[in-house]
1. Just check segment 434-477 against the gyration tensor rule for me: Cα atoms, a ≥ b ≥ c as the square roots of the eigenvalues, rounded for a/c under 1.5, and otherwise prolate or oblate depending on whether a/b exceeds b/c.
2. Please report the relative contact order for segment 181-284, taking Cα pairs under 8 Å with a sequence separation of at least 6, and give it as a percent rounded to a whole number.
3. Which value results when the Cα radius of gyration for the chain is divided by 2.2 N^0.38 Å?
4. Rounded to a whole number, what % of the accessible area of the chain do carbon and sulfur atoms account for, probe 1.4 Å?
5. When you take every Cα atom in segment 152-216, what is the radius of gyration, and what is Dmax, the widest Cα pair distance, in Å?
6. Could you pull out the longest piece of the chain with no exposed loop GluC sites (Glu not before Pro) in it, calling a site exposed if DSSP puts it outside H, G, I, E, B and it has at most 16 other Cβ atoms within 10 Å?
7. Expressed as a rounded percentage, what relative contact order does the chain have, with Cα pairs under 8 Å and six or more residues apart?
8. Using a cut-off of 19 Å between alpha-carbon atoms, which lysines can reach K298, once sequence neighbours fewer than 8 places away in the same chain are excluded?
Amino acid sequence: MKFENILAEVNGFGRFQIRTMFLLVFARMTLPFHFLLNNLITAIPGHHCDISALDDTHGAFTNVSVAQKLKATIPAREDGHPSSCEMFAEVQYNFLLNFTNVSNSATVPCPNGWVYDKTTFQSTLATEWDLVCDNIRLNKAIVTIFFTGVTLGSVVFGYLSDRFGRKKMLLLSYIVSTTFGFASAYSNHFAAFAVMRFFTGCGLAGISIITIVLCVEWVDIKHRTLMTVLMSLDWSLGVMILPLIGHFVTDWRGLIIATTSPLFVAMICWWWVPESARWLLSNGKVHSAHYYLSMCTKVNHREEFMAKIKPEVLTNVVLVEDENRKYSYVDLVRTPRMRRLTLFTGVVWFGLASSYYGISLNIEGFGVNIHLTQFIYGVIEIPSKLMVLVAVERVGRRFCQSGTLSLTGLCIFINMFIPKVRTALGALGKMFSEGAFTCVFLFTTELYPTVLRQNGLGYCSFLARTGVAVAPMILLLEEFWVHFPSIIFCVLGFIAGTLAAFLPETRNTRLPETIEDVEQNRKRSICTLDGNLSS
């Protein structure tokens, strides 16, 4: 008897599974909140040198407008706006009479700080610690620091959840994310804030990889695709809600508090979140597995089935290689087929993440404010998820993954030759890459065996976040050749798409439980109409 037989009897997509998914919604919505929060808290509003001190030293400015003061003290850029990082060494009084301030006069860096435009943002990291001009790299570094934390968290929580269980580590990730999230909001020094954001990223990585695996392991074969797509919709919902929060909360501290607060609700919901019965069985914890399966049958109104199943019977459900054995990342490369799987999925995740963020960081906006642009990006994601929902069942996981990645690379390639449709191609490329992300979570959880599923997803997430961190560096190559970054992202997309085509198809197959299942490449079972499974 296979675990899918059990799921078929207890209803593999009933009220219990749907309830579990909703219990995780508040936690999962904090992921897009924080992952995209950097676009808001690191925003650099318009700014120029602070010239308020000149009011007390130059009597000629007594009855002069602010625009005239700026004209006489700050050189203009090519677009006519005041320079952001320098001012004249001496006040150019002659500009008060002329219509231009074009001058060869010496300039100096802003000696008294900056004045910021507060039309959109009341405060950001840039305005809080003057992270502009010579210090602008520190502002950009926050994104890298945060995703470095996500990278580390993916590895740590991937290992810990396979070692100690999904539910315990999920609570730990909640606590870490909440604690350091609020600590970052109350940081008074940039260095302290950077450290807090790093550990916030670590905790959020745990939420990301544990929640998706926990839900997939409770769902039967027939409904795995639907569950994965439904769970991915909370990301799109979060993307659309974030700009609404940002519109009303314009202070960066308040914004972090607002986007972290849902985790308190998530911690309350955690009490009703079940442990993965599949993981419990794979680790020889049959009595605990029996308890959660009984809970599932009670919620799904299938109590009569568990009345016939005793804990002793469950020992034969999953072939446990060694219930006392502790698995680690080394097991991902110990055997030939696992090595191949690890290599290919790692490249797919790296190529997908780097090209996705390459598009996101390199396309121009829609000509509207940042909040509306962010909302439009969230809306764009909905069609991509619906596309994946149909494609993975019609053409399979493998070709859906390969196709969306290749189309992402194609959009980047065409963009190099038709810049006039840059925004449209960018939006289209983002739609395909978002579809690839939706597919890759489902595909990856189905490829790795239960005993290594969290380790595998943690490893893949690690390479994905590495790709995110590398993307801004690739964009810097634009200084050498304008198309250099696009070529790299395009090649990465095509390479990832090509390797995805060589991964095994997992449509309508049972999840592998052990390393032996992967190595023997046994024909995994296909669900029949009456709910039975053939071996």
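1. oblate
2. Values: 45 pairs, mean separation 37.8, N = 104.
Reported relative contact order: 36 percent.
3. Values: Rg = 26.8 Å, N = 535, 2.2 N^0.38 = 23.9 Å.
The reported ratio for this selection is 1.12.
4. 64
5. My reading of the Cα-based Rg and Dmax gives 12.5, 41 Å.
6. 91-320
7. 20
8. Partners within reach: K308, K310.
The values are calculated or read from the model by the stated rules, or taken from the named source; none is laboratory data. Keep in mind that this is a model prediction, so the values were computed, not measured. So basically every Cβ, Gly included, is an ideal-geometry build from the backbone, and we count neighbours across all protein chains shown. Accessible surface is based on the protein model in full, side chains and every heavy atom, while ligands, DNA and RNA are left aside. Shrake-Rupley method; radii C 1.70, N 1.55, O 1.52, S 1.80 Å.
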